[in-house]
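Undergrad: My questions all concern the structure below.
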Amino acid sequence: MATKTKGRFVNGLVDMKAGKISREIFVNEEIYAEEQEQVFTRAWLFIGHESQVPKPGDYFVSGMGEESVILCRDREGALHVFLNSCRHRGMKVCRYDEGNTPVFTCPYHGWSYATDGKLVGVPFFKDAYHEKLDKSKWGLVEVAQMEVYKGSIWATWDPAAPPFTEYLGDFKMFFDLSLEAWNGTDEPLEVIGGVQKWLIPCNWKFPAENFSGDSYHNISHRSVDMVGIGPSGTGRRDTQERADSRRLQVSFPDRGHQTGIYVLPGGSPTAASYQQSPEVADYFREAEEKRRAIKGEWGRVTGSPGEIFPNTALHPRQPRSIAVWHPRGAHQTEVWRWYLVDAGAPYAVKDFLRQYYIRYSGPGGLTEQDDMENWNYAHSASRGTIARRHPYSYEQGMGSEQTNFELDGLKIPGTVMDLTEAKSSEQNLRNFYKRWAEFMDAPSWDELADWR
Amino acid sequence: MAEVVNVRLLKAGDKLQVSHGATVVVVSNPLDGVWIFARYLASPKDPSLEGTEDMIFAQDIIEVLEISGD
Amino acid sequence: MAVSKSRIDHLLLKYEIEQFLYQEAELLDERQFEEWLDLLAEDIRYWMPMRRNVKFGELDREFTREGQDISWFDEGKDTLVRRVNQILTGVHWAEEPLSRICHSVSNVQILKATPSMSQPTEVTVKCRFLIYRNRVQTETDFLVGKREEVLRSVNGQWKIAQRKIILDQNVLLAKNLTFFF
Amino acid sequence: MTTTASSGGVKLLVDAKAGRISRELFVNEDIYQQEQEQIFARSWLLVGHESQVPKPGDYFVSCMGEESVILCRDRESQLHVFLNSCMHRGMKVCRYDEGNTPVFTCPYHGWSYATDGKLVGVPFYKDAYHEKLDKSQWGLVEVPQMCNYKGSVWATWDKSAPSFLDYLGDMRLYLDLLLDGRDGSEGGSEVIGGVQKWTMPCNWKFPAENFAGDGYHNISHRSVDMVGIGPSGTSRRDLGEFAAARRVNASFPDMGHAAVCDLQDENATYVPTYQNEPAVEEYFKQVSEERKRRLGDKARLLGLVGTVFPNMSYLARQPRSISVWHPRGPHTTEAWRWFLVDRDVPEEVKEMLRHYYIRYSGPAGMTEQDDMENWNYAHAASRGPIARRHPYNYELGIGAGRPDVPLPGMLTERINEENARGFYSGWSRAMEAKN
């Protein structure tokens, strides 16, 4: 394996001073293997949502990097995330996608684990092991840290990683745009049954950078804009509130998270939406009024796609969903997409949104289909020896970022790019790769948590 | 060789003859096809087990003594 | 011009046989295994030889021999019933969770009908199959080949009396054959 | 970062004493490459069976590790094992699975080799080579050592390897239980036509370890026990003859071989097992009695399973067969299975056994299907960086008493992972050894 010299990635293959990134980080298999260790075993990763495992014994099989993990609720109601691999010979102890069970039993030799991970069943424990096996040491491998944040469940393998909210930093208030109910309260959300899963032939960083804030690729979606699938009957989304807003990109250099947002001018109301369905329109109008009232000036902010480092994508406003880009080798990504609704919304609202989500996102989505095409062939055209010699350009808008950004009395934390006139910038993308390069170079969390 | 028992089909209340001469009653079935949660009714070799609950391995089940009523 | 009766008989029989084969595929794909077993004659021979690469001129050695060599399958009804029962135990790990399977049957040809096309009690049929199998997450197999079969009319119902399955593979490009052809 | 298996590294990965073996052995690509050199280029590997090539000119294309080889019988009836690759540009000289031929002719430029490996045909030998090519130097590459042991044909690429019988050591006693006649006579088995070949998504060591004596995974096969496919109509095998016997595991940690056998009690009598078919039952009763007459007390020993290091495994009794686990990269194994019967077995017995073999073993075999499922997902769930940090547990039966029976090897009884520990001891020795 190649030795890691400090700076091999920071200002090396990822040269953010010059705005250039080598194609090697997307197509090189050794870098991919290193990434599995350096990034995916140390970062906080999205596992699922509380609403997927409401009852004791409920489980949902998820993934962390290339590894299969089990999210489950034990008999006492506590949540756990376990490596889905028997401690005896490694067999996957759960080959189902979800369900409810008192134990996870390995079909190979029959070792059986309770939903709290304890090894409870060992065939012939007396006769063959003579009770010498220390069962307490051979429970399912559990993640080093797990946190539930407003219903979303996160985990990391690294005991030295900072707590999840510290990992989020000030990005928390932007992530909340995905997790708060539409009326701005902490009333629960729920995952609509059915997590979409599909494969894309590209490196996982293509979608990750795209959701970080690729504001430049709108042209890709012209065909869907032409046919109109938005909730109000036109466009892709409801764009009215956006037309009145300042359009910003916000990034957090020390964390690697970033998102787009829209900010209404002080004093202006939120535009109506969902006019196609009066019941849905009423629901959202009322929710929005409440949100504006609770949140005050911050209520002027609405969300737009974002990315929590490394591989969780946010789609906070419409269609509201969370996606994870699971790496499946250097050249393939398995996408999982969860769709969220207010748990307490009337059926008509849930039904309306569900149909909108399906026609917008995922492999059957009129919008996302065109994204996948771009990622696929961007990747494949970058694999050749000659192609690899030519770095990608990330120079757009360099040097125009601002801090201490303020708009009509509303302070926006983080590094901000105002795209209202500039139309587009790659600041958020640079931010993502800067953090990625730090993860690749840093030997431990001591270096990565340099805000401490 | 006695009939191989499909433990997936066992229900709470079923009585089983298990190894070491013990009899147990099924408490619940995890439906993994491998284990049964049961309580010892009789255990001549180790009477201290009587009344305790334990996980019984499929291969330790010798035969089904009684199928519960319902 | 009037269509001759024998051509119509052939057409009707072919239609009937096709419907039977589609219905059989439907039962397998919908996991109605016990109903599928009802379509098999009690004395069914279900045979799938293995295939070897041999030199031109030695093609008689291409297939493992019926009744003599090792094959992928060489079954009667008894073992087919046992195979179904194994799946139905719920602890046949190679089929738990169950595979998702799709059978396509095409190129149906009636090779022979006795005593006649108009009143057949036994027909010899050849067709092509394409079986798609997907299980757990990404396990995917395509199995393509030919089938030669004898169908027998028993009390007005067609039953499969013989099935020879010719798989177009050498080293089996799948880890198991837990499903039916 | 992945641990490389350079010298010293392997020791850290295999702690047979404590019963811990790193998952790196199974999933690491560097280790796989080293295995190809350290193990497959040096060990004795099973190539085939002499009954597959009875006549001069008969050949059977086999494999040694990832390499294709030709087992053939030359015009003088001598057996040879050649690398299946033309000396000129490397083309496979034989792309068939088996057949009979006077020469192996490369389709690329036409170089042609006799069945004794000699280069006999070179196109334009006069006009283009001006007869300057020394044909005697360019015959097919032949294995430096080959051994026909009771019909099973073995070869190694290492000329300094010990002889096959030295390599086998006392494992021979157990291998004989596979290769000798059911009546106790020496050798005399033949392969039923048709070698099953299929691919499995796991490392080759999963099946090799399993056959070395994994007596613990019986639970995997419950579904087949429930439906019953054994020769007497129930269960998987006929276990009657094992009822009055001690199950003994024998491990040879120096070489990595391992076997499981059953030592019947002194007063054990023949147990009927083929009740469904009287003629078959009669035959097996007869050969069993003949075996007792011939071997006396030694007839109490019955074979079960075993692995001759590295990748030849067998089922000695039922269904009597040999398998070889060909490595195809760290994550894929190509399994080959030969089925054996006594050469002079009556037709109806052979017929019954053939059917039983097919329904038991291989990808359509109701028993083995479930093994493949376990190996597949044990492998898949061990590939990630976190999974690799957690070694497998091989503690089962460490420190258990040794049975006092007069058999060779490191002995244990019933369910015990000593055989697996021994297999990996042999593996790590082979990986570290300079020669």
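The values are calculated or read from the model by the stated rules, or taken from the named source; none is laboratory data. These figures come from a predicted structure and were not determined experimentally. Here Cβ is always computed from backbone atoms with ideal geometry, including for glycine, and neighbour counts include all displayed protein chains. Accessible surface areas use protein heavy atoms only, side chains included; no ligands, DNA or RNA. Shrake-Rupley method; radii C 1.70, N 1.55, O 1.52, S 1.80 Å.
Undergrad: For the stretch D:400-424, which positions are buried (at least 22 other Cβ atoms within 10 Å of the Cβ) and within 21 Å of the chain's Cα centre (by Cα)?
TA: First, the residues of the stretch D:400-424 that are buried (at least 22 other Cβ atoms within 10 Å of the Cβ): D:409, D:412, D:415-424.
Correct list: D:Gly409, D:Glu417, D:Glu418, D:Asn419, D:Ala420, D:Arg421, D:Gly422, D:Phe423, D:Tyr424.
Undergrad: Pull up the stretch A:106-121, narrow it to residues that are more than 9 Å from chain B (Cβ to nearest Cβ) and more than 17 Å from C:Ala94 (Cα to Cα), then point me to the one that is most open to solvent (accessible area, probe 1.4 Å). First the steps, then the outcome.
TA: Just the residues of the stretch A:106-121 that are more than 9 Å from chain B (Cβ to nearest Cβ), to begin with: A:108-109, A:111, A:113-119.
Still in the list and also more than 17 Å from C:Ala94 (Cα to Cα): A:111, A:113-119.
Numbers: A:Trp111: 1, A:Tyr113: 0, A:Ala114: 19, A:Thr115: 5, A:Asp116: 51, A:Gly117: 5, A:Lys118: 123, A:Leu119: 13 Å².
By that ranking, first place goes to A:Lys118.
Undergrad: With respect to A:Glu76, is the statement that it is more than 25 Å from A:Ala208 (Cβ to Cβ) and either surrounded by 20 or more Cβ atoms within 10 Å (Cβ to Cβ) or more than 14 Å from chain D (Cβ to nearest Cβ) (or both) true?
TA: Numbers: more than 25 Å from A:Ala208 (Cβ to Cβ): yes; either surrounded by 20 or more Cβ atoms within 10 Å (Cβ to Cβ) or more than 14 Å from chain D (Cβ to nearest Cβ) (or both): yes.
Here the answer is yes, as A:Glu76 does meet what is asked.
Undergrad: Ok, one more. How do the helices (runs of 4 or more DSSP H) wholly within the stretch A:222-315 filter down when requiring 1 or more residues that are in contact with a Gly (Cβ under 9 Å, 6 or more places away or on another chain): which remain? So that I can check it myself, show each step before the final result.
TA: Numbers: elements: A:222-227, A:240-243, A:278-295.
Answer list for the stretch A:222-315: A:222-227, A:278-295.
Undergrad: While we're looking at this one, here's another question. Just to be sure I understand, how many residues within the stretch B:22-47 are within 14 Å of another protein chain (Cβ to nearest Cβ) and either open to solvent by 10 Å² or more (accessible area, probe 1.4 Å) or over 8 Å from the mean Cα position of the chain (by Cα) (or both)?
TA: As a first pass, look at the stretch B:22-47 and keep what is within 14 Å of another protein chain (Cβ to nearest Cβ): B:22, B:26-38, B:43, B:45-46.
Now restrict to residues that are either open to solvent by 10 Å² or more (accessible area, probe 1.4 Å) or over 8 Å from the mean Cα position of the chain (by Cα) (or both): B:22, B:27-35, B:37, B:43, B:45-46.
Residues that pass the stated criteria total 14.
Undergrad: Okay, moving on. So if I check each of D:Glu241, D:Glu282, which one is modelled with pLDDT under 90, outside any loop (DSSP other than H, G, I, E, B) and not aromatic (Phe, Trp, Tyr)? Full working, then the answer.
TA: Numbers: D:Glu282 fails: modelled with pLDDT under 90.
Testing whether each residue is modelled with pLDDT under 90, outside any loop (DSSP other than H, G, I, E, B) and not aromatic (Phe, Trp, Tyr) leaves just D:Glu241.
Undergrad: So, one more: Restricting attention to the stretch C:62-75, and to residues there that are at the interface with chain D (Cβ under 7 Å from one of its Cβ atoms), over 13 Å from D:Leu353 (Cα atoms) and of a type outside the set (Ser, Thr, Tyr), which single residue is surrounded by the most Cβ atoms within 10 Å (Cβ to Cβ)?
TA: C:Trp72
Undergrad: Filter the stretch D:77-95 down to residues that are within 13 Å of another protein chain (Cβ to nearest Cβ) and surrounded by 20 or more Cβ atoms within 10 Å (Cβ to Cβ) and give me whichever is nearest to D:Tyr129 (Cα to Cα). First the steps, then the outcome.
TA: Taking the stretch D:77-95 as the starting set, the residues that turn out to be within 13 Å of another protein chain (Cβ to nearest Cβ) are D:84, D:92-95.
When the remaining residues are screened for being surrounded by 20 or more Cβ atoms within 10 Å (Cβ to Cβ), the result is D:84, D:93-94.
Details: D:Asn84: 24, D:Val93: 21, D:Cys94: 25 Å.
My answer is D:Val93.
Undergrad: Let me spell it out: the conditions are (1) in contact with a Ser or Thr (Cβ under 6 Å, 6 or more places away or on another chain); (2) within 14 Å of chain C (Cβ to nearest Cβ); (3) assigned to a loop (DSSP other than H, G, I, E, B), and D:Asp225 meets all of them except one. Which number is the exception?
TA: For D:Asp225, the exception is condition (3).
Undergrad: Could I ask something else about it? Any residue at all in the stretch D:143-157 that is open to solvent by 70 Å² or more (accessible area, probe 1.4 Å) and over 18 Å from D:Gln52 (Cα atoms)? Working first, answer last.
TA: Residues of the stretch D:143-157 that are open to solvent by 70 Å² or more (accessible area, probe 1.4 Å), as a first pass: none.
Taking every residue of the stretch D:143-157 in turn, none turns out to be open to solvent by 70 Å² or more (accessible area, probe 1.4 Å) and over 18 Å from D:Gln52 (Cα atoms).
Undergrad: Can you name the condition, by its number, that A:Trp182 falls short on among (1) outside any loop (DSSP other than H, G, I, E, B); (2) under 19 Å from A:Leu314 (Cα atoms)?
TA: Condition not satisfied by A:Trp182: (1).
Undergrad: Next question, about the same structure. Here is a list: C:Lys126, C:Lys112. Which entry is assigned to a strand (DSSP E or B), more than 15 Å from the chain's Cα centre (by Cα) and of a type in the set (Lys, Arg)? Steps first, answer last, please.
TA: Numbers: C:Lys126 fails: more than 15 Å from the chain's Cα centre (by Cα).
Checking each option against the conditions leaves just C:Lys112.
Undergrad: Here is a follow-up. Among the residues of the stretch C:49-95, count how many are under 16 Å from D:Asp97 (Cα atoms) and not charged (D, E, K, R).
TA: Counting residues in the stretch C:49-95 that are under 16 Å from D:Asp97 (Cα atoms) and not charged (D, E, K, R) gives 11.
Every residue, every condition in (1) in a helix (DSSP H, G or I); (2) in the same structural domain as D:Tyr283 (by TED's automatic domain parsing); (3) buried (at least 17 other Cβ atoms within 10 Å of the Cβ); (4) charged (D, E, K, R), yes or no:
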| residue | (1), (2), (3), (4) |
| --- | --- |
| D:Gly169 | yes, yes, no, no |
| D:Tyr174 | yes, yes, yes, no |
| D:Leu177 | yes, yes, yes, no |
| D:Gly215 | no, yes, yes, no |
| D:Arg247 | no, yes, yes, yes |
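Undergrad: So, one more: Please find, within the stretch D:346-364, the residue that is farthest from the other protein chains (Cβ to nearest Cβ) out of those that are in contact with a strand residue (DSSP E or B) (Cβ under 9 Å, 6 or more places away or on another chain) and assigned to a loop (DSSP other than H, G, I, E, B).
TA: Looking at the filtered set, the residue picked out is D:Ser361.
Undergrad: Is there any pair linking a residue in the stretch D:68-79 that is not assigned by TED's automatic domain parsing to the domain that holds D:Arg328 to one that is buried (at least 18 other Cβ atoms within 10 Å of the Cβ) and of a type in the set (Ser, Thr, Tyr), with Cβ under 6 Å and at least six apart or on different chains, and which?
TA: Short answer, once both residue conditions are applied: D:Val69/D:Ser62; D:Ile70/D:Tyr59; D:Leu71/D:Ser62; D:Cys72/D:Tyr59; D:Cys72/D:Thr115; D:Asp74/D:Thr115.
Undergrad: Got at least one residue in the stretch A:40-61 being more than 13 Å from chain D (Cβ to nearest Cβ), hydrophobic (A, V, I, L, M, F, W, C), crowded, with 20+ Cβ neighbours inside 10 Å and closer than 25 Å to B:Gly33 by Cβ?
TA: Our first condition is that a residue be more than 13 Å from chain D (Cβ to nearest Cβ); within the stretch A:40-61, this holds for A:44, A:46-60.
Right, trim to hydrophobic (A, V, I, L, M, F, W, C) and you get A:44, A:46-47, A:53, A:60.
Now restrict to residues that are crowded, with 20+ Cβ neighbours inside 10 Å: A:44, A:46-47, A:53, A:60.
From the residues that got through so far, the ones that are closer than 25 Å to B:Gly33 by Cβ too are A:53, A:60.
Scanning the stretch A:40-61 turns up at least one residue that is more than 13 Å from chain D (Cβ to nearest Cβ), hydrophobic (A, V, I, L, M, F, W, C), crowded, with 20+ Cβ neighbours inside 10 Å and closer than 25 Å to B:Gly33 by Cβ.
Undergrad: So if I check each of A:Val93, A:Val103, which one is within 9 Å of another protein chain (Cβ to nearest Cβ) and without any contact (Cβ under 8 Å) to a residue 24 or more places away in the chain?
TA: Values: A:Val93 fails: without any contact (Cβ under 8 Å) to a residue 24 or more places away in the chain.
Going through A:Val93, A:Val103 in turn, just one is within 9 Å of another protein chain (Cβ to nearest Cβ) and without any contact (Cβ under 8 Å) to a residue 24 or more places away in the chain: A:Val103.
Undergrad: While we're looking at this one, here's another question. For the stretch A:402-426, give me the residue count where each residue is in contact with a helix residue (DSSP H, G or I) (Cβ under 8 Å, 6 or more places away or on another chain) and open to solvent by less than 20 Å² (accessible area, probe 1.4 Å).
TA: 4
Undergrad: I need a count of the residues in the stretch D:96-120 that are open to solvent by 70 Å² or more (accessible area, probe 1.4 Å) and more than 21 Å from C:Arg52 (Cβ to Cβ).
TA: Adding up the residues that qualify gives 4.
Undergrad: Restricting the first residue to the stretch C:7-27 and requiring it to be over 16 Å from C:Asp38 (Cα atoms), which pairs with a second residue that is open to solvent by 30 Å² or more (accessible area, probe 1.4 Å) meet a Cβ separation below 7 Å and a spacing of at least six or different chains?
TA: C:Asp9/C:Met117; C:Asp9/C:Ser118; C:His10/C:Met117; C:Leu13/C:Met117
Undergrad: I've got another one for you. I'd like the full set of residues that are of a type in the set (S, T, N, Q) and over 30 Å from A:Arg242 (Cβ atoms), limited to the stretch A:379-419.
TA: A:Ser380, A:Ser382, A:Thr385
Undergrad: For the stretch D:321-344, give me each residue that is buried (at least 22 other Cβ atoms within 10 Å of the Cβ) and either of a type in the set (S, T, N, Q) or at pLDDT below 95 (or both).
TA: Selection gives D:Ser321, D:Ser323, D:Thr333.
Undergrad: Which of the residues spanning the stretch D:121-142 are part of a loop (DSSP other than H, G, I, E, B) and either touching a helix residue (DSSP H, G or I) at 6+ places or on another chain (Cβ under 7 Å) or open to solvent by less than 50 Å² (accessible area, probe 1.4 Å) (or both)?
TA: Step one: list which residues in the stretch D:121-142 are part of a loop (DSSP other than H, G, I, E, B), which gives D:122-134, D:138-141.
Once the filter is applied, which keeps residues that are part of a loop (DSSP other than H, G, I, E, B) and either touching a helix residue (DSSP H, G or I) at 6+ places or on another chain (Cβ under 7 Å) or open to solvent by less than 50 Å² (accessible area, probe 1.4 Å) (or both), the stretch D:121-142 yields D:Val122, D:Pro123, D:Leu133, D:Gly139, D:Leu140.
Undergrad: Restricting to the stretch D:31-57, count the residues that are open to solvent by 10 Å² or more (accessible area, probe 1.4 Å) and not in a loop (DSSP other than H, G, I, E, B).
TA: Residues that pass the stated criteria total 8.
Undergrad: Tell me which residues, restricted to the stretch D:393-408, are assigned to a loop (DSSP other than H, G, I, E, B) and either more than 9 Å from every other protein chain (Cβ to nearest Cβ) or in contact (Cβ under 8 Å) with a residue 60 or more places away in the chain (or both).
TA: So in the stretch D:393-408, the residues assigned to a loop (DSSP other than H, G, I, E, B) come out as D:394-408.
Hits for the stretch D:393-408 are D:Tyr394, D:Glu395, D:Leu396, D:Ile398, D:Gly401, D:Arg402, D:Pro403, D:Asp404, D:Val405, D:Pro406, D:Leu407, D:Pro408.
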